[in-house]
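Bear in mind these aren't lab numbers, they're just calculated from the coordinates by the rules spelled out. Being a predicted model, the structure only gives us computed values, none of them experimental. Cβ sites come from the backbone with ideal geometry, for glycine too, and all protein chains shown count toward neighbours.
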Amino acid sequence: MHLPGTEPVLVKILIAGPFGVGKTTMINTLSETVPLHTEEIMTEASAGIDDLAGVRDKTTTTVAIDFGRRTLSDDLILYLFGTPGQERFRPLWEDIAQGALGALVLADTRRLDDSFEVLDLIEQQGLRHAVVVNAFDDAPVYPLHTLREALDLDPDTPLLTCDAREYPSAIDALIELVTHLINHSALDAAAS
């Protein structure tokens, strides 16, 4: 319930990452409403275009966006936009990124190099972000300091692991991003 004149703040957040990293799963887990998905069955036309190394059982892919909503408090509502992970959708990705306050970037240790293109896009957009290593059952596990170095992350970029299928883990990752955004907003305001 909101008092008159106290509208909640609506914040656009990207859920980004390479193809097959768990973005749709993360939105499914986090959204308090039935999420919007543009999942389509992968066809022979994508064979040779979408690299299935490390995700051989994947049969669908997002062709536009995933969308969900998460209320964090009475005065803060997050709109979660899942981006497509393939290079061919880059123009769409750039359109989706417009107006976003920050991004939760998912990574997969089985295919860590695939994260660089997405991290470059995030940095080109000037978005503050947190990196979340999605814990796949068959993925190798590394210490966070090793992953930070491998991904060449700034020291103040949050880096954590989570299981995108589990709500407590997924919400912790989202709260870590929001805390990062709030802390930097306060620092930016103080510097102005």
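The length gained on full extension between T33 and Q124, counted as 0.36 nm times the residue separation minus their Cα-Cα distance, comes to 29.7 nm. Among T161, T33, a tally of other beta-carbon atoms within 10 Å of each Cβ gives an order, fewest to most, of T33, T161.
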